[in-house]
C-alpha cells in the first residue's frame, strides 16, 4: 500500500492554477491550496480561489497575507501605474518584483509544515514570454535551491516543484481543464474585475484568456461586464 | 565618478547581521535594513534591529510582518516545543522551515523596489553546522535562482547575494565587528531574552555567543539576567 502524496497548490483564482489543482486531484494528490493577499488591485480573485479550492476537491485552503512594502512599483499593486491594454514585447508593467520567488518560498515553508512532498504552480508558456519568473529555467533553479534549503532536502527527499502547464498554450490549458470538468466561469483572470468579479474584456489578461477559448473552440463562459459583448472580443484580440 | 552601491541588509538584531551591516557600511554601501516579524518568541530582537540600523549608519529600516502559518512547528515560534540547551548534531529544534529562503525572497523583491544591487546576509560557519539554509551551497543556489528571477537578472545585472561571514567562526566575527566599533551589548542572540532584552545564558545561542567572546579574548559585554554570573558561563560552554 502506498501513502497518498500531499501537495501544496498555489491557487490564484485564475484559470491556470485552477487547472493545476484539477490535474493534481486527477492524480490522487491530497491538496492543500494556498493563496496570497499581496495588495492586488481587486480581491475577487481571492474569493474565487477559496471557492475553487472547495469545488475542485482540495482538503483545505489557506490565505497568507504578504506585507506589500516589498511589492511596490507594479501596475498590479499600485493604482497610480496604468494597466497595459496591449501585449508587451518586454517585461509588462504588471510584473510584480520577485513574486513567484516569494510565493514558492512561502509554499516551501508551508510544505514542510504540512508534510507535503510537492508544490504545484501554474506557470505557462503565455506568461513566460514576459515574466522572468515564469520561465522553465527559473522553475528549475528554484527546485535546485529548494533541494538544499530544508529538512527534507537534506534527508535526500527534496520537495518537488511541479509545473504541469509550463509548455501549454492557453487553449491547451482550457481544453485540459474542460476535460477535467472545470467550470471556468468560477475563475477570474481580469486585472481589473469589478466588485462582483465581472471581467473588463479590455486588459491583457482578458484578451489572452478570450483568445484561449477561441483557439480551443470552446465557448467563452467568462462573466464579463454587461457592456462587453463577447462577440466583439474576437475583433479586439 | 561611480555611483554608490545600494544594499539590502537582513538585520535580525543579533551579532552576525549587525556585523554584516558594519562591514557593508565600511565598504561605502548605502544600506536599507530589513527585519522580519515571523512570530518569534520575543520581540526584543526586533527593537534591537531597529536601534542597530540607526547606530550603525543604515539609511532606513523596514520591518516586514510574515504570516506565521507557514512557520509553525519550530521551537522558535511555537511555545509548546522545548528550547534545546545543548548543541545538536542534527538539525536543531529551533530550525524554522525555509526561513532564509523566505527572507531572501522578500529581500529580492525589496531590492528591486529600492534599486539595490546587493543583498547581505549574515549566515556563518557556526550556523551552517545545523541549519540547511545557512550552508554556502544553499546561498550559491539561491543566487543562481535569483539571477533568473527578476528584471535586473534578465538585464544581465543579477542582484548579488553577499555573505561575508560565511566562513567565519563566532570569534572571528566578534573580532571583526569590534575592530569596526560595534557595541555588541546592543545585539541580542538569546532565544528567550526577557522583556528588557536580558539574555538567559542557558540556551544554545547564549552559549555559542559567549564562547565566541572567550575565543576572541574580548570581554563579553552581553546584557545577561542578574542571575547569570558571566564567569560561570565559561564552565557551561
note = In the set A:54, A:44, A:40, the lone residue that is surrounded by fewer than 18 Cβ atoms within 10 Å (Cβ to Cβ) and modelled with pLDDT of 65 or more is A:54
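State yes or no: is residue B:197 at positive phi, in contact (Cβ under 8 Å) with a residue 24 or more places away in the chain and in contact with a strand residue (DSSP E or B) (Cβ under 8 Å, 6 or more places away or on another chain)? It would help to see each step written out before you state the result.
On the way: at positive phi: yes; in contact (Cβ under 8 Å) with a residue 24 or more places away in the chain: yes; in contact with a strand residue (DSSP E or B) (Cβ under 8 Å, 6 or more places away or on another chain): no.
The answer is no for residue B:197.
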ask   = What tally of residues in segment B:108-120 results from selecting those that are in a helix (DSSP H, G or I) and touching a strand residue (DSSP E or B) at 6+ places or on another chain (Cβ under 8 Å)?
value = 4
inquiry  = Being under 30 Å from residue B:152 (Cα atoms), surrounded by fewer than 23 Cβ atoms within 10 Å (Cβ to Cβ) and in contact (Cβ under 8 Å) with a residue 24 or more places away in the chain: is that true of residue A:164 here?
reply    = yes
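Yes/no per residue for (1) at the interface with chain A (Cβ under 9 Å from one of its Cβ atoms); (2) over 23 Å from residue A:108 (Cβ atoms); (3) modelled with pLDDT of 90 or more:
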{"position": "B:140", "(1), (2), (3)": "yes, no, yes"}
{"position": "B:162", "(1), (2), (3)": "no, no, yes"}
{"position": "B:166", "(1), (2), (3)": "no, no, yes"}
{"position": "B:170", "(1), (2), (3)": "no, yes, yes"}
{"position": "B:184", "(1), (2), (3)": "no, yes, yes"}
task = Would you mind telling me which numbered condition in (1) more than 16 Å from the chain's Cα centre (by Cα); (2) buried (at least 24 other Cβ atoms within 10 Å of the Cβ) residue A:181 fails?
result = (2)
remark   = Pairs returned, first residue in segment B:40-61 that is more than 11 Å from residue B:11 (Cβ to Cβ), second residue that is at pLDDT 95 or above and in a helix (DSSP H, G or I), beta-carbon separation under 6 angstrom, 6 or more apart or interchain, are B:57/B:25
request  = Name the residue, out of B:19, B:86, B:68, B:77, that is modelled with pLDDT under 80 and in contact with a helix residue (DSSP H, G or I) (Cβ under 6 Å, 6 or more places away or on another chain).
outcome  = B:77
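For every residue, the table says whether it meets (1) within 11 Å of chain A (Cβ to nearest Cβ); (2) not in a loop (DSSP other than H, G, I, E, B).
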position: B:106; (1), (2): yes, yes
position: B:158; (1), (2): yes, no
position: B:176; (1), (2): no, yes
position: B:190; (1), (2): no, no
position: B:196; (1), (2): no, no
position: B:205; (1), (2): no, yes
ask   = Counting only residues that are in contact with a strand residue (DSSP E or B) (Cβ under 9 Å, 6 or more places away or on another chain) and under 19 Å from residue B:23 (Cβ atoms), how many does segment B:163-194 have?
value = 3
task = Would you mind stating whether residue B:92 is at pLDDT below 70 and outside any helix (DSSP H, G or I)?
result = yes
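The values are calculated or read from the model by the stated rules, or taken from the named source; none is laboratory data. Keep in mind that this is a model prediction, so the values were computed, not measured. Neighbour counts run over all protein chains shown; Cβ positions are idealised from the backbone, glycine included.
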